[in-house]
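The values are calculated or read from the model by the stated rules, or taken from the named source; none is laboratory data. The structure displayed is predicted, hence computed values, not measured ones. Note that each Cβ is placed from the backbone with ideal geometry, even for glycine, and that neighbours are counted across all protein chains shown. Keep in mind that these areas ignore ligands, DNA and RNA; they rest on the heavy atoms of the full protein, side chains included. Shrake-Rupley method; radii C 1.70, N 1.55, O 1.52, S 1.80 Å.
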Amino acid sequence: MLERRSSAAEGSERLKERRRRGRYRTRILFGILLILLIGAFMWLTWQPYIRIQHISVSNSDSAIFSLVQEKLVGSYFGIVPHDSFFFVPEHAIRAAIIAANPGLQAVSIQRDGFTSLTISLNERVPVARWCGLEKTEGAAEYCYLFDAEGYIYRAADPSDGRAGVATGTPILNSFTVYDSLAGDAQEPLRSNLAHAKATPDAFDFARKVGSLGSPVTMITFHGDETDLVLASGTHVTYVVGSEEVAFADLMSAKSDINLTDGSLDYVDLRFPAKVYLKKKGDTVAK
C-alpha cells in the first residue's frame, strides 16, 4: 500500500517537472520569436522603400524645407532612423518650425505613402498693430502685429495693409493698440498683450463708436481703463469690460455730443448712467 502511494507521488512529481520544462521551453521559444520579430522590424525601418525621401512644404519655403531635412537626419540611439515612415519625429519637426517662425500658428504633418511627407502651414492672422505702452508725440514708432489671442509675432512693415487695403499683409482693424505686456515679458516679440482677453470687446466697442461719425485710430489700455482716440481728436474713456453699458450711456447722450468736429476733448463713460464731457476747459455732466 505504501509502495503504491510512493509510486503515485513520484509519478505526480515527474509530471509536474515535465510541465515545468515544457513551459520553460515555450517561454524560450517565444523570446526567440520576439527577438526575431523585433530584429526584422528594425531591419525593415532601414530599407529605402520605407524611409522619407520627398518633402513638400505648402508655402515652398526653402528654410522650412531645410529645417525638416535636418530633423530627419540621424537615428534613435543608432537603432532606427529618424526618417523611417514609422518613426518620423513629428513633435520635434513641428516645434522647430514654429520656434523659427513665430508667424505660424499651427503646423500639420502628413505622410503620403511610405516615402513622402507633406508639411502644411497655418499662418497667424493679424488683427491690429501694437506700438508700445502709449503714444509718444513726435517720436517715431516701432510697431508689431498681433493675432486674436494677443500674441505678438512679428514687426509691422509700412507696406502692411490696414482694414482691407490690398498692400502687404492685410490687417483686420485699422486702429493702433497701446498696452503693457503680460507677465514679466521684456521683449515684445513672442509675448502676449496684458489685456489680450479684453481686446475683442474693446474692438467691437471701438467700431460702434466709430460708426457715430469719426473712426477710432488708437486704443490704449491703462490698468482697468480703456481710452479710445478718434480721428477727430476726441478721447472716449471707459472701464474695461463695461463696453455694453458704456455704449448705452453714450447713445443716451447722443443728442448733446458731436464726435466728428473735434470740439470735445474727451467723453468720460467710466461711471454708470453718467456721461462727462470736457469741452473748451469746461466739464459738464449729462
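In the chain, the portion of solvent-accessible area held by carbon and sulfur atoms comes to 56 percent [1.4 Å probe, whole percent, DNA, RNA and ligands not counted]. Taking amide H atoms as placed 1.01 Å from N in the peptide plane, the amide H of Arg129 lies under 5 Å from those of Val177, each 5 or more residues away in sequence or on another chain.
Restricting attention to the chain, the count of lysine pairs at 8 or more positions apart or across chains with alpha carbons under 20 Å apart stands at 10. Could you state the angle between the C-alpha long axis of helix 243-252 and the longest principal axis of the C-alpha atoms of the chain, as a value from 0 to 90 degrees rounded to the nearest 10? Here the helix axis deviates by roughly 20 degrees. Per-residue ellipticity at 222 nm computed for the chain from its helices equals -10000 deg cm²/dmol, with DSSP H segments shorter than 4 residues left out and the rest contributing -39,500 (n - 2.57). Building the convex hull from the alpha-carbon atoms of segment 12-145 and averaging its projection over directions returns 15.3 nm². In this structure, the amide hydrogen of Ser75, modeled 1.01 Å from its nitrogen in the peptide plane, lies closer than 5 angstrom to those of His82, counting only residues at least 5 positions away or on a different chain. The relative contact order of the chain comes to 9 percent, based on Cα pairs under 8 Å that sit 6 or more residues apart.
For Leu37 and Tyr142, the FRET efficiency from 1/(1 + (r/R0)^6), where r spans their Cβ atoms and R0 equals 41 Å, is about 0.10. Packing here is the average count of other Cβ atoms within 10 Å per residue, and on that basis the peptides 215-222, 256-263, 239-246, highest first, run 215-222, 239-246, 256-263.
For segment 65-73, the Karplus equation 6.51 cos²θ - 1.76 cosθ + 1.60, evaluated at θ = phi - 60°, returns couplings of 4, 5, 5, 5, 4, 4, 6, 8, 7 Hz by residue, with Gly and Pro reported as x. Near Asp160, the amide H atoms lying under 5 Å from its own belong to Thr169; only residues 5 or more places off or on other chains count, and H is placed 1.01 Å from N.
Radius of gyration over Kirkwood radius for segment 197-267, both on Cα atoms: the Rg/Rh ratio is 0.92. Per residue, the accessible area of segment 91-195 comes to 51 Å², computed with a 1.4 Å probe over protein heavy atoms only. Computed over every Cα-Cα pair of segment 176-223 and binned at 5 Å starting from 0, the pair-distance distribution P(r) comes out as 5, 20, 26, 21, 13, 8, 5, 1 percent. Taking the 0 to 90 degree range and rounding to the nearest ten, how far is the long axis of helix 90-100 tilted relative to the main principal axis of the chain, both from C-alpha atoms? The helix 90-100 is inclined about 30 degrees to the chain.
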